[in-house]
Structure formats: C-alpha cells, structure tokens
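First comes the structure, then the notes that go with it.
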Amino acid sequence: MTDSQVFEQQSLDNLLSYWRRHRRLPGARYPAGPTDSLCDVPGVSVGHHTLADGECQTGVTAIVPPGDLFNQPLPCGSAVLNGFAKPLGLVQLNELGELQTPILLSNTFAVGTLFNAMVRRSCLRYPQIGRGSATINPLVLECNDGYLNDIQAMAVREEHVFSALDNHSTRFARGSVGAGRGMSSFGLKGGIGTASRYCPGLGTMLGVLVLANFGTLDSLTLSGVRVGPALGKLLADPPPQVDAGSVIIIIACDRALDSRQLNRIARRAGAGLGRVGSHWGHGSGDIALAFSTRLLGATLPDERLEPLFAAAADATEYAVLDALLSAEGVSGFQQHARAALGPLLDRLAAAN
C-alpha cells in the first residue's frame, strides 16, 4: 500500500471505531442547538405527509416560518448552485427578497399540485388575494424521486399538502418521511435531514433542513473520511455513479438580515455539500434558501457575517449526514431499492 492508501485506511478505521462506540459521527465544528434541528430557530416548525404504498413512495414536507407571511413577509435569499431544477416562486423571491408563504417540498411532478394547494389555502385565509390586492407567491421546491417512486402516478394531492401544513410541529420525523420518502442520496436511501448551529459571539441560532437526493456512492465522505468505496463492496448491486437527483437546503436564522446577506449565507451551503462529496453534477438541481425570522431592523455589518457563513456550511454537512443516518431502507417502483447507511456502517464496523 502507498502512504496515501495507508492514511486513508487508518482514517476509515478510526471513523468506524468511533461509530462502533458512539453510533454517531464525529467532527461537528460548532455547537448544536438543543434539538440539533431547524426548529431550534424559534417559531419555525415542520410538517410531513408520507405516501408509502407499493410503487408509490413519495410525500410532502412543509416548512412553516412564524408570523403572518402574507401581510409581513420575512427577509429571504437564495443560491442556485446548479439549476437543473423546476422550482416555483423563486424568481419573485429573488426579485423582492421576501418569503410570503410556507415552503413546500415534494417530487418534481407534484410541483403544480403544491402550488395550487397553497394558492387555494391562501385565498381562503385572505379573500382579497387577486381581488383588489396582489396575488401570492407560493414557494415550491422539488427533487426527482422517480427511482423509488412511480412519479408518473402523480399521487400527491392537495389534501396531502393541507395535511402537512396542518400537522406541523417543532418535533418532526426525519429520514424516509414526507418529501424524503422516495429520495436517494449517494446511491443509498436519502430524504429529510436537519441540524442547527449556535453562534455564541452573535447570540444567533442557525438551523438547516435538507431534502437529500444527490451524490455518488464512490464520493461519499463522512466527517472528512471517504467511505463510499468500502460501502460499495457491501452492496450486491452497486448503484450507477451519477451525481444527480437534486438537493434542497432550507436555512433559517433568528438574526435581522437583509436579502442580500441571506443570499450570501445561502451560498455557503455549497461548502457543506462539498464536504460530503458532491460536485453538483449535471443532473442535480441544487438550491439553497435562507430566511430570517426577524423583520428587517438593524442588520449586521457584513464583516460580522463570518460565523453565520461557517455555521451554514457546517449545519448543511451534518443535515445531509442526518438524512442518511435517519433514513430506513425503502423498496418501491419496479422493485428498486435503496439501503440505509446506518446498518451498512454497523457491518463495516463489525468487520473492522
């Protein structure tokens, strides 16, 4: 073995030893919030509706910020890291820097249904929409879950969207749930993951939720250690090596920031994706969105954003890992299946 190979093997051995003792991954750079989730940012909650029936493996996830968003939109920014995606509402959001509705996530072919459901719900609450006042700008983001889910069945209905919106909570399931039910990541089971980071110098909490559906197994990197090749040897049918499918990153923070600053924070999510081994492949729509739960007031000078940049990268990395480790294995469309990362790490650690 070369010196490089010896170093890689030692790093893998150390990681697996840590996993065997603690059944979690080391290496977070900054302190987490109380629940290590997006909802550590006060006022933010998440709801799911999951569809898991044979070849139908999909669902809806709703991220619900605090307040009356139609009358008092929250400051918001975004970063399109790779534009192989079909979002709705992103153009106006980028123009105005405002978030007017909860954020809805699902599969690619459900985008229209989610948009219509949010319009219908908003018109019931605000009867003046489009009849004397401006229309509303629902924000809908998607990933393609067509490997595990029969996406042509278009199984998501408006009542499923309403269910996710009506059942939101600060304590929410992760992994193979909601919009994450049919998602794949690094050739394994992906889905919903979350993390939070506290910035002591600013007294600010930053939370991240990801819909992970991207990456190649060969590139998968856990806490700085490339483990994909070792995991691939455990799979009877290794997945095709294509970084495709998409990832959505939602960032919230409780500090007054303007949309330009939030654009900058959203871009730092890309550093977190790089740490887990993604290069934002051709077929992947990689979009990060950041919003503040504070209405505009005195914002930070740009030079004081540094801790938030670092927190966004760190929380994104660990939200992706959380999605992989929280997910259960799923089989679905045409008997396609994705294995869960946790049991594979257990097997590697036991053999180590």
Selection status of Leu93, surrounded by 21 or more Cβ atoms within 10 Å (Cβ to Cβ), more than 18 Å from the chain's Cα centre (by Cα) and of a type outside the set (Asp, Glu): yes
Residue within segment 29-48 that is at pLDDT below 95, open to solvent by less than 40 Å² (accessible area, probe 1.4 Å) and either over 18 Å from Leu165 (Cα atoms) or not in a loop (DSSP other than H, G, I, E, B) (or both) present: no
Every pair of residues 6+ apart whose Cβ atoms lie under 7 Å, when the first sits in segment 125-140 and is more than 14 Å from Leu96 (Cβ to Cβ) while the second is open to solvent by 70 Å² or more (accessible area, probe 1.4 Å) and at pLDDT 95 or above: Ile129/Thr135
Test: Gly146 is of a type outside the set (Asp, Glu), part of a loop (DSSP other than H, G, I, E, B), over 16 Å from the mean Cα position of the chain (by Cα) and closer than 19 Å to Phe84 by Cα: yes
Residue pairs meeting the criteria (Cβ under 6 Å; at least 6 apart or on separate chains; first under 19 Å from Ser246 (Cβ atoms), in segment 314-329; second assigned to a helix (DSSP H, G or I) and open to solvent by 30 Å² or more (accessible area, probe 1.4 Å)): Glu317/Arg275
Single residue of segment 1-26 satisfying the filter (open to solvent by less than 50 Å² (accessible area, probe 1.4 Å) and in a loop (DSSP other than H, G, I, E, B)) that is farthest from Gly191 (Cα to Cα): Pro26
Residue match in segment 149-171 (condition: closer than 30 Å to Gln334 by Cβ and assigned to a strand (DSSP E or B)): no
Candidates Gly77, Gly112, filtered to the one that is of a type outside the set (D, E, K, R) and either in a loop (DSSP other than H, G, I, E, B) or crowded, with 19+ Cβ neighbours inside 10 Å (or both): Gly77
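Quick grid of which residues meet (1) among the charged types (D, E, K, R); (2) open to solvent by 20 Å² or more (accessible area, probe 1.4 Å):
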| residue | (1), (2) |
| --- | --- |
| Leu148 | no, no |
| His160 | no, no |
| Ser163 | no, yes |
| Asp166 | yes, yes |
| Arg171 | yes, yes |
| Ser176 | no, no |
| Ala179 | no, no |
Thr61 crowded, with 20+ Cβ neighbours inside 10 Å, under 15 Å from Arg174 (Cβ atoms) and touching a residue at least 24 places away in the same chain (Cβ under 8 Å): yes
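Return yes when Thr101 is open to solvent by 20 Å² or more (accessible area, probe 1.4 Å), under 19 Å from His48 (Cα atoms) and β-branched (Val, Ile, Thr) and no when it is not. So that I can check it myself, show each step before the final result.
Values: open to solvent by 20 Å² or more (accessible area, probe 1.4 Å): no; under 19 Å from His48 (Cα atoms): yes; β-branched (Val, Ile, Thr): yes.
No.
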The one condition in (1) among the polar types (S, T, N, Q); (2) crowded, with 24+ Cβ neighbours inside 10 Å; (3) at pLDDT 95 or above; (4) within 21 Å of Gly83 (Cβ to Cβ) that Ser196 fails to fulfil: (4)
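Residues checked against (1) in contact with a Phe, Trp or Tyr (Cβ under 8 Å, 6 or more places away or on another chain); (2) among the aromatic types (Phe, Trp, Tyr); (3) at pLDDT 95 or above:
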{"residue": "Ala155", "(1), (2), (3)": "no, no, yes"}
{"residue": "Val177", "(1), (2), (3)": "no, no, yes"}
{"residue": "Ser185", "(1), (2), (3)": "yes, no, yes"}
{"residue": "Gly207", "(1), (2), (3)": "no, no, yes"}
{"residue": "Val210", "(1), (2), (3)": "no, no, yes"}
{"residue": "Val227", "(1), (2), (3)": "no, no, yes"}
{"residue": "Lys233", "(1), (2), (3)": "no, no, no"}
{"residue": "Gly245", "(1), (2), (3)": "yes, no, no"}
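The values are calculated or read from the model by the stated rules, or taken from the named source; none is laboratory data. This structure is a prediction, so every number in the text was calculated from the model and none was measured. Note that we place each Cβ from the backbone using ideal geometry, even for glycine, and neighbour counts take in every protein chain shown. In case anyone asks, the SASA skips ligands and DNA or RNA and just uses the protein heavy atoms, side chains included. Shrake-Rupley method; radii C 1.70, N 1.55, O 1.52, S 1.80 Å.
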